[in-house]
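Scroll down for the structure; my scribbles are underneath it.
Rule-based calculations on the coordinates, nothing more; no lab input. Computed from a predicted model, the values in this text were never measured in an experiment. Please note: Cβ atoms are built from the backbone with ideal geometry, for glycine as well, and neighbour counts cover all protein chains shown.
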Amino acid sequence: MKFRYKAFDKLGNATTDSVDATDAREASEILRKHGLFVSEIGPADGGGGPSRSKGAPVKRRKGSSTSAGRRLKELSAFCRQLAILIETGTPLVDAVASLAKQTPEGEWRTVLESVLTRLEEGAQLSEAMAAHPAWFDGVSRSLVAAGEQGGQLDAMMARLSKLTRQQQKVRASLTGAMVYPCLLICVAIGVMIAMLGFVLPRFEGLFNSLDTPLPPSTKVLMAASHLLRERWYVAVIAAAAAGFGLKLWLTSEAGVRMLHRFSVRAPQLGKVTRSFATAKIARVLGVLVDGKVPLVDALRLTRLASNNSMYHGLLDRAEQVVTRGENISTAFADPSLIHPSVCEALRSGERSGKIGAVLLSMADHLDEDNEILVKSASSIIEPVILMVLGIIVGGVAISMFLPLFDLTAAGGGAADRKSVV
């Protein structure tokens, strides 16, 4: 008998097809063994079409979105609390039910209630999480599945909590380092607009009454002030068009690839990008390998967790190398992307059979170095921006007062000539 179904794979991609089975339960079991989570299933020729599973993915409300920062925060708290409850002997269903009750109303609580429903139906936690790929990525689901198979779910949840907390810490440090420079840039733009739109027009009448030619810098400022006051909509339209065009380019495949290549190879920015990308890859891959996830699957999941297309190619090559039975360190021997010390440490891990532990140790060292690097960079960027802001504002002020200085000098010279006569 054929059953029509709608299911989601490990990456959260939806698929609709049919399968031969004696009943719906057997069909669901067949699909589950193929790594598919069934959300709807029913006879292919039956009336009414497939029925929706209780644990099917929750449809998001229109306009809702799951940011990476919010996902990491919720997932980290969920894993940490769940690990503690399971370690103290609380049944999994009761533990998830407790967490769902203490969660405020919102999308995350709806997700937890959906996971709880699936658990009550007899599904594994990893299967219930697979219905919500926007909240539980492939890395978290694979670690949970490995913990379920090895009977160490509490240890895996604690490990996943540590991973998400570290990612959250890195994101927070980068965001915090960029807040002050961005604020200074906004202040600089605001000061320029205020001076050109409100301060300079007050000097315009005085400049027109002067019988002396204006300096070139003052003429440029006057022209910019006239453009801002009389054709401000042109500047707004130009800025909006430039922003829209930049967004389209950055979302295109060619734009993303070029941006990623630039971020990796730029003189100073490239060093920072490579360091953070290497640390993230080392930590995610180390946690997966240490969690007994097969190396090929771990590389594939690490590729999904990486945000740079340059490293996607590196991890693809590593997956091919491991599939051929070669050492993973040969694929990571790319000094333009991976620091040689990481590659050497990986070779040592291969010889000792402790790849996961070595990668986690290297990730800890890299994260410490990156934290120092971010603090040093922010301490350098802030005075540089302040200096540039001072130069800009000072240049505008000097350009405004130059005609007055010239008039004073001319009046002083005329007075001297009269006294000589």
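Miscellaneous remarks
- Going through [x] 1.40; [y] 1.30; [z] 1.84, the figure that equals Cα Rg over 2.2 N^0.38 Å as computed for the structure here is [x].
- Cβ-based exposure ranking for CYS182, CYS343, CYS79, in which fewest neighbours within 10 Å come first: CYS182, CYS343, CYS79
- Note on THR22 and ASP94: with the Förster distance fixed at 51 Å, the Cβ-Cβ geometry gives a FRET efficiency of about 0.90.
- Extension gain (nm, one decimal) between VAL220 and ALA377, 0.36 nm per residue minus Cα-Cα: 53.1 nm
- Label-point separation in nm, ARG257 to GLU148, each point 7 Å along Cα→Cβ: 3.8
- For the chain, built as a Gaussian network whose Cα springs stay under 10 Å, the top-fluctuating residue of ALA241, ALA298, ALA282: ALA241
- In range of the label at GLU29: residues from the range 80-121 whose backbone nitrogen is under 19 Å from the point 7 Å along Cα→Cβ: 119-121
- log10 of Debye I(q)/I(0), alpha-carbon scatterers only, for the range 184-305 at 0.11, 0.12, 0.21 Å⁻¹: -0.69, -0.74, -1.16
- In this label model, LEU250 and TRP232 are separated by 2.6 nm, measuring between points 7 Å along each Cα→Cβ vector.
- MRE, 222 nm, helices only [DSSP H, n ≥ 4, -39500 (n - 2.57), over the chain, to nearest 500]: -24500 deg cm²/dmol
- In this Cβ point-charge picture (+1 for Lys and Arg, -1 for Asp and Glu), the chain has a dipole of about 560 debye about its Cα centre.
- Segment SER341-ILE391, extension gain: residue separation times 0.36 nm, minus the distance between their alpha carbons: 13.8 nm
- Mean separation of Cα contacts under 8 Å (6+ apart) over length of the chain, as relative contact order %: 14
- Multiplying the residue separation of LYS271 and ALA333 by 0.36 nm and subtracting their alpha-carbon distance yields 20.6 nm.
- Within the listed set VAL358, VAL293, VAL396, the Gaussian network model of the chain (springs between alpha-carbon atoms below 10 Å) gives the highest mean-square fluctuation for VAL396.
- In a reduced charge model with +1 at each Lys and Arg Cβ and -1 at each Asp and Glu Cβ, the range 125-187 shows a dipole moment near 300 debye about its Cα centre.
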